[in-house]
Amino acid sequence: MDNLKLMIVDDEERFLATTEKLLRKKNVDVVTASSGAEALEKLRAQAVHVVILDVKMPGMDGVATLKEIKRQFPLVEVIMLTGHATVESAVEGLQTGAVDYLMKPADPDLILQKATDAYHRRMGVEEKIRVARMRWLMKSPREMLKNA
Amino acid sequence: MDKNAYTSVRRFILITMILVPSIPFLMVIGIGYHYFSLSIENSTIASMKRIVADHRQMISSFLSERKNDLEMIVNTVSFDEITQPERLSSLFVQLQKTSSAFSDLGIFDKNGLHVAYHGPYNLTGKIYRDAPWFQETLKNGVYISNVFLGFRNVPHFIIAVAGRRNGDSWVIRATVDSQQFNTLVRQVRIGKTGEAYLLNSQGVLQTDRRSGGTLMEKPPEPIPTPPEGDDVHTMIHSPEGGEIFLYATAWLKDRQWLLVVRQEKADAFSALRKSWLPVALTSLIGGACIVWAAFTLTGAIVRKMEKTDTEKVLLSQQLVGASRLAELGEMSAGFAHEINNPLQVISAELSLIRTLQTEMVETGQLSRGESYEEITDSMDQIKTQIDRCSKITRSILKFGRQEDGCDALVALDKVVPEIIDMVKKKAEVHSIRIDCRLPEKTIRVTADPSRLQQVLLNLLNNAMDAILDKNGSAGGLIHVSVSNGSDGMAAIEVRDSGSGIQPENLEKIFTPFFTTKPVGKGTGLGLSVCYGIIEQMGGKMAVSSKVGTGTEFTVKLPIGRLKV
């Protein structure tokens, strides 16, 4: 998991701090954000593979943040973290482009596992993109030259 | 309303319903009886008066006829002629023809000498000049004596009439057989005790009396002398120590004789006495009818009231229950959601502690030992409790969310055995037998299959718990039956032979968070969720239970129609 960079977005500061500490211990690169806006800002600054996104937040809520992330950073995988009452919003999230959802209280190990899965998926996608691009490049050296 | 209130209402209605009809009923009977008795008395007295008047008329005419007989002789036959024995006896025969009451005939000259006689005795030769009757006859021309014995020692009375011969008077005297006269007077018969008799002015009996008292005697019980005059006089008089009599009296023979007709009052008014029986019987039956009607109606009214009240209480309970359930659902959903956030924090902290602990052991800062084990155990417990909380909040959220399920036509005879199969293993472990009775025809209901399954699994699990609670490993029987109700509903019954539910718990059984299970074992939401689900599917859920015998849950669901 050397390369996994995880972002956790939640309005619960202590949760952010503890989870960050915990995941760092497991050698996961963690970025935290306590609001949707902060998350978007940090996403612009650094490359993140997977975002764990709380559905219910003051200000910009989870679903709105998700839409914005997907619009600006379509390759970032998002996992929704929801209190049970908002399974509907989790479903909405999945429809909007989230890869998975977790129910509170979620065990940090489970969070990490799902994040890793998403990361691999993401890697897979990137790999495919790379391969495709490579194939396209390999297809025609002339074109390659033309583009260069 | 409590029992006391019903008792007082019952008493009030009962008293009113007995009293109100009883008062007019008794008044009608009382007034009716009063006027009836008055009329009976009046008519009895009137008829008695009439009898006395008629009887007086008859006796008077008898006396005046006898007097007329003699007067005719006096006027048609001369003294010389009548003193001849043959003539006298032929006259007597003639007299006897008109009335057999005459028993002899005597002729007296002006000096009272008995000159001629026809009769059973030999009486001629005696001089009656100073006898009062003779004097009276000469003076008034006619005389009718009281009844007396005379020297013959036979009761009789005499009628004497004076005649004229050349300025001198003579007298003809006839003896009237008292026996005949007696019969005439006594012939009056009214009722059982009605009788007629004659008294003279001294109160001596002039005739026999049927009820005792012979001729020439004073009756043992004197009656007050009625006032003068020709009117018939009536009175009610009670001789000392005797029966009460109704008397009717009338004067006869210029107030020398008193005709008395009397009858025992009880006898005279016997019609009245006889009417007592039907009146009493009517009162009794009428009264009984009133009381019966009052009791029956009161019972019906109070039962109806009780039923209405019970229904009212039930209805209000249901209303309160329904609205409270909805409110509670909303509130608890919010509450559960809020709890989940801190739980998430605790969970994260716990994981961190665990990681740190492992690290410390690895770096030698912490050595494994008794305390280490205790800390680990304690942390496991925190994990358990977090899971428990999360289970509760999940149940609450399930209960709070009344989302619409996807209703479908469910064939109960297929689905119910499937659901039973799910718990069969668990049941077998506890040696519980599940007996299932299905209808011959397929019953389809409109329901959400997964939620119906949730409800039935809940009920089956509860049933197994109840049996385990009662019998332990000895097991028991769960009876499931599916039937087609007449009210357009299909009924699923789950009956267990378990420990039953206390009556005070039975009414709270569908209330959220109500549980009798030990702490940590149940959330108290299972049945309330079931209730909510069934209600939402347009069905009904009911429970009946008997402590020690078992519990029966009934789920009713609307029968679905296949859409063509």
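The values are calculated or read from the model by the stated rules, or taken from the named source; none is laboratory data. Here the structure is a predicted model, which means the values were calculated and not measured. We place every Cβ from the backbone using ideal geometry, glycine too, and count neighbours over all the protein chains shown.
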Check your understanding: Here are some residues: A:T19, A:T65. Which one is of a type in the set (V, I, T), part of a helix (DSSP H, G or I) and within 12 Å of chain B (Cβ to nearest Cβ)?
Key -> A:T19
Check your understanding: Residues of region B:478-505 being crowded, with 16+ Cβ neighbours inside 10 Å and either of a type in the set (V, I, T) or modelled with pLDDT under 80 (or both), which ones?
Key -> B:I478, B:V480, B:V482, B:I492, B:V494, B:I501
Practice item. Determine if region B:437-457 includes at least one residue that is among the small types (G, A, S), surrounded by 12 or more Cβ atoms within 10 Å (Cβ to Cβ) and within 14 Å of another protein chain (Cβ to nearest Cβ). Key: no
Practice item. Can you run down the residue pairs with Cβ atoms below 9 Å, 6 or more apart or on separate chains, where the first is in region B:350-370 and more than 9 Å from chain A (Cβ to nearest Cβ) and the partner is outside any helix (DSSP H, G or I) and surrounded by 10 or more Cβ atoms within 10 Å (Cβ to Cβ)? Key: B:Q357/B:L366; B:M360/B:L366
Exercise for review: Keeping to region A:93-116, report how many residues are farther than 14 Å from A:T82 by Cβ and either within 14 Å of chain B (Cβ to nearest Cβ) or at pLDDT 90 or above (or both).
Suggested key: 7
Review point. Can we say B:I73 is within 30 Å of B:W251 (Cα to Cα) and buried (at least 19 other Cβ atoms within 10 Å of the Cβ)?
Key: yes
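Out of A:T96, A:T65, report the one residue that is crowded, with 19+ Cβ neighbours inside 10 Å and either touching a residue at least 12 places away in the same chain (Cβ under 8 Å) or under 21 Å from A:L4 (Cα atoms) (or both). Break it down stepwise before answering.
Values: A:T96 fails: crowded, with 19+ Cβ neighbours inside 10 Å.
None of the other options fit; the residue is A:T65.
Does A:D11 count as within 11 Å of chain B (Cβ to nearest Cβ), within 21 Å of A:L110 (Cβ to Cβ), in contact with a Ser or Thr (Cβ under 9 Å, 6 or more places away or on another chain) and surrounded by fewer than 23 Cβ atoms within 10 Å (Cβ to Cβ)? Walk me through how you get there before you give the answer.
On the way: within 11 Å of chain B (Cβ to nearest Cβ): yes; within 21 Å of A:L110 (Cβ to Cβ): yes; in contact with a Ser or Thr (Cβ under 9 Å, 6 or more places away or on another chain): yes; surrounded by fewer than 23 Cβ atoms within 10 Å (Cβ to Cβ): yes.
Yes, satisfied.
Can you find a residue in region B:330-340 that is charged (D, E, K, R), in a loop (DSSP other than H, G, I, E, B) and at pLDDT below 90? Please lay out each step first, then the result.
As a first pass, look at region B:330-340 and keep what is charged (D, E, K, R): B:330, B:338.
Now drop any that are not in a loop (DSSP other than H, G, I, E, B), which leaves none.
Checked region B:330-340: no residue is charged (D, E, K, R), in a loop (DSSP other than H, G, I, E, B) and at pLDDT below 90.
Based on this model, can you work out whether B:G286 counts as out of contact with any helix residue (DSSP H, G or I) (no Cβ under 7 Å at 6 or more places or on another chain), surrounded by 12 or more Cβ atoms within 10 Å (Cβ to Cβ) and of a type outside the set (D, E)? So that I can check it myself, show each step before the final result.
Details: out of contact with any helix residue (DSSP H, G or I) (no Cβ under 7 Å at 6 or more places or on another chain): no; surrounded by 12 or more Cβ atoms within 10 Å (Cβ to Cβ): yes; of a type outside the set (D, E): yes.
No; evaluated as a whole, the condition is false for this residue.
How about region B:87-188: which strands (runs of 3 or more DSSP E) wholly inside it have at least 2 residues that are in contact (Cβ under 8 Å) with a residue 60 or more places away in the chain and among the charged types (D, E, K, R)? Can you show your working first?
Values: elements: B:102-108, B:114-118, B:142-144, B:156-165, B:168-177.
The qualifying strands (runs of 3 or more DSSP E) are B:168-177.
Can you go through B:K540, B:K508 and tell me which one is of a type in the set (K, R), surrounded by fewer than 21 Cβ atoms within 10 Å (Cβ to Cβ), in contact (Cβ under 8 Å) with a residue 40 or more places away in the chain and over 20 Å from B:I420 (Cβ atoms)?
Numbers: B:K508 fails: in contact (Cβ under 8 Å) with a residue 40 or more places away in the chain.
Criteria check complete, one pass: B:K540.
Only one residue in A:K56, A:K70 is away from chain B (no Cβ under 14 Å) and out of contact with any strand residue (DSSP E or B) (no Cβ under 6 Å at 6 or more places or on another chain), so which one is that? Please lay out each step first, then the result.
On the way: A:K56 fails: away from chain B (no Cβ under 14 Å).
Exactly one residue qualifies, and that residue is A:K70.
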